[in-house]
Every structure is written in C-alpha cells, then in structure tokens.
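A short write-up of the structure that comes next.
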Amino acid sequence: MSILDPRPPPEGRSRSPARCRAGPPGRRGVSAIAVRLDGRVWFGLVSRLRAAAQRLAGLVRRPEPRGRTRRLAYAPQRDGRADPGEIVWTWVAYEDDPRQGKDRPVLVIGRDGEVVLGLMLSSQDDRDGQPHWLALGVGTWDQEERPSWVRLDRVLRMAEDSIRREGAVLDRSRFDVVARALRAGGYGWI
C-alpha cells in the first residue's frame, strides 16, 4: 500500500522510492528518485516541489546571473523622467497572477539601458518585520500619510512610458538605508 496507490503492491514487488528506477545518470539523492504516477515515471518530482515551496516561502532567492550586478546611485532630477531616488507611480502585476495588478508607488533605484528598475512600496503594516521588506516611513507619495515598506527581493523592470507620474523624491538618507540593505542582502547590487 502507498499514498499514491491504496492497493497493496503485487507479490514480490515494492513501491518504495528506493526500489524505483533511478533518474538520469549522475543525479543523486532525492532528485534521482523516480515516483510512479498513473503509469508515468517522474524524475526529480520531490526535489522540484520542495524547491518551489521554498521559493514561495521566500527561503531561497535565485542569485543574479553573472554579469548582472547592478550599480546603485542617487540621482533624482525633476525633469519628467524617472531617476534613481524618485518614487513614481506605475501599474505593477501581481506575482501570483500577472494578468492582474494595481497602480502603486515604486522607488526607482537604477536603469538597465532604457528600462527603469524599481522596488515596489506597500502601506500594509503587516509587512513590518517580514523578510525582504524594509521600513521606509511616511512620505508625500501616500496621500493618507501612511507608513510604507519597500520590497527588496523583487526588482521591477518598467518602460519609461509605463510610468504614470512622479510621486516624490526620497531623501538621500533613506535612499542610502535602502542601498545598504540591497548591497548587504545579496540582491546583486553594488
């Protein structure tokens, strides 16, 4: 009897993962276990599910690819373009359903060519103390003057024409706090 099939195994056979066929050559451990589901063999199912669960729980961050280390610089200019240090408003897709989203404030932290790089802000107070969220405080970007938090582990890539308006300029001292957290946290910024 197994979780996958309530019937007892045929005489002389076992459904134990250790007795299933091994995965591709060179793979070891959990990822080499073959689990038999509906007559199909799935290699690495257990390790893939574990990795996905850890990513969802925020326990594992994918490292920046080599050569993708980005430089932070504070350079706000009230010129109609989004510059590092400014908080702008743009539409941000939800992670769980990219077809949906909402208009929200975003802290601009850099550029990648013509693409604007930013970190989204949230005024939900349950962000306080959560991993990858940094308290930013109150600012003119929020009409209700609620405290905000900035998310460090999700860099948004925005086209210049997708930005609705400049919301505020973040003061240098708070930008420096965000920059130190990004550099120290292994997020791929220098």
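So which residues in segment 160-178 are at pLDDT below 95 and either touching a Phe, Trp or Tyr at 6+ places or on another chain (Cβ under 6 Å) or of a type in the set (G, A, S) (or both), if there are any at all?
Within segment 160-178, S162, R164, R165, G167, A168 qualify.
May I ask you to verify whether D79 is in a loop (DSSP other than H, G, I, E, B), over 18 Å from the mean Cα position of the chain (by Cα) and modelled with pLDDT under 95?
Yes.
Quick check on my filter: what residues within segment 160-190 are more than 19 Å from the chain's Cα centre (by Cα) and either surrounded by 19 or more Cβ atoms within 10 Å (Cβ to Cβ) or assigned to a strand (DSSP E or B) (or both)? Full working, then the answer.
Just the residues of segment 160-190 that are more than 19 Å from the chain's Cα centre (by Cα), to begin with: 160-177.
I163, R164, R165, E166, G167, A168, V169, L170, F175, listed by residue number.
The values are calculated or read from the model by the stated rules, or taken from the named source; none is laboratory data. Fair warning: this is a prediction, and the values are worked out from it, not measured in the lab. Cβ atoms come from the backbone with ideal geometry, glycine included; neighbour counts cover every protein chain shown.
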